[in-house]
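Structure record follows, encoded as structure tokens.
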Amino acid sequence: MHKHLLSMDQLSAEDITTILDTAGSLRQVTSRPIKKLPTLRGRTVCNLFYEASTRTRISFELAAKRLSADVINFSADSKSSVAKGEGFKDTAWTLEAMGVDAIVVRHGSSGAPHQLSKWVQASVINAGDGSHEHPTQALLDLYSIREHFKDFENLKVAIVGDIISSRVARSNVKGLVTMGARVTLVGPPTLVPPEAAAWGVEVTTDLDAVLPEVDICYLLRVQKERQSEQLFPTDREYAALWGLDAKRLAKMHPESVVMHPGPMNRGVEISAEVSESPRSLILDQVANGLAVRMSLLYLMLGGREVEGSVADAEVPA
Ligand code: NCD
């Protein structure tokens, strides 16, 4: 396995399959009464979060703890040394001096995890960098899709909404295209980057035309915090043209499903009714996030410097 996970570009279809298969074995562990494996005992994982996060940070924390690693959570807020002006590099060196084995980093700047990986010996996992990438989200989405549809062959996926701000869209497009799915990006022209046409996907503004064709409608959060100008008139107009409500869901074929990475703007990109419908995989995505992050930590840290191959012996078949 790779030392760092910075981008979906690093992963071949074979790598992705290994990560998903391992997650599948670990998923069984998380449904046992005693949910812990000793694999990463003595290893230390630091969650270094410069941007707000709930599910991703908690998911990584729990994943590391389920593998018996020690976990440090560092959030760059008013209580940390960042408020005193400590730079990213100094923080990296501090963690390095303390001997952490893996740093899970979320940062507002695209490329920050890549930079960090040059400064430290630890493995670096990108938990979202600016509008660049969010590889672990893409992997948990691929896991959820494979669990539901069994494979990616001939699968048609629409990714809808604020593509331009979305690291989730960039990582998912790469992962889905690598696995052989067909992707269509849908959104207002102001929210779809011009370079998207070169990503090996189709691009359209017409959601209603696409819905009857797809197996998955993947909705993105409208990320107002990343938009420096008004890119669409009002939430109501956005919902009317690109939001998924029950009426639109009825246009999709009955075996198709709805996904969203969270957090959701209910009533904008997705209606409350659709988010809670049996066709929604949203809660599966959250549950699978834990198994996929365990799988990554296991493959990236467990394989290295662990005496013998306890790792192999511990995963249930
Ligand atoms: C995503 C993120 O932070 O990029 N959320 C997440 O990781 N659960 C998507 C988003 O914020 O819209």
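The values are calculated or read from the model by the stated rules, or taken from the named source; none is laboratory data. Everything numeric here is computed off the predicted structure, so don't read it as measured data. Counting neighbours? That spans all protein chains shown, and the Cβs are built from the backbone with ideal geometry, glycine included. With ligands, DNA and RNA removed, areas are computed over all heavy atoms of the protein, side chains included. Shrake-Rupley method; radii C 1.70, N 1.55, O 1.52, S 1.80 Å.
Take the residues in the range 17-36 that are touching a helix residue (DSSP H, G or I) at 6+ places or on another chain (Cβ under 6 Å) and in a helix (DSSP H, G or I); name whichever of them is surrounded by the most Cβ atoms within 10 Å (Cβ to Cβ). Within the range 17-36, the match that is surrounded by the most Cβ atoms within 10 Å (Cβ to Cβ) is Ala23. Candidates in the range 259-301 are the residues that are more than 16 Å from the chain's Cα centre (by Cα), within 16 Å of the ligand (Cβ to nearest atom) and among the β-branched types (Val, Ile, Thr); of these, the one that is farthest from Leu191 (Cα to Cα) is Ile270. Give all pairs with beta carbons closer than 7 Å in which a residue from the range 5-33 that is under 21 Å from Leu67 (Cα atoms) and at pLDDT below 95 meets a residue that is open to solvent by 50 Å² or more (accessible area, probe 1.4 Å) and basic (Lys, Arg); count only pairs at least 6 apart in sequence or on separate chains. Cβ pairs passing all conditions: Val29/Lys35.
Pick from the range 43-59 the residues that are touching a Gly at 6+ places or on another chain (Cβ under 9 Å) and assigned to a helix (DSSP H, G or I): which of them is farthest from the ligand (Cβ to nearest atom)? The extreme case among them is Ser59. Of all residues in the range 250-281, those being touching a strand residue (DSSP E or B) at 6+ places or on another chain (Cβ under 7 Å) and within 18 Å of Val157 (Cα to Cα) number 13.
Conditions tested, residue by residue: (1) open to solvent by 20 Å² or more (accessible area, probe 1.4 Å); (2) of a type in the set (Phe, Trp, Tyr); (3) more than 17 Å from the chain's Cα centre (by Cα).
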residue: Phe152; (1), (2), (3): no, yes, yes
residue: Lys156; (1), (2), (3): yes, no, yes
residue: Asn172; (1), (2), (3): no, no, no
residue: Val177; (1), (2), (3): yes, no, no
residue: Ala181; (1), (2), (3): no, no, yes
residue: Thr184; (1), (2), (3): yes, no, yes
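Checking the range 95-114 against the condition returns no match, with no residue being of a type in the set (S, T, N, Q) and away from the ligand (no atom under 16 Å from the Cβ). Within the range 30-42, restricting attention to residues that are among the β-branched types (Val, Ile, Thr) and touching a Leu at 6+ places or on another chain (Cβ under 9 Å), which residue is nearest to the ligand (Cβ to nearest atom)? This residue is Thr30.
One residue alone among Val258, Val210 is in contact (Cβ under 8 Å) with a residue 40 or more places away in the chain, among the β-branched types (Val, Ile, Thr) and in a strand (DSSP E or B), and that residue is Val258.
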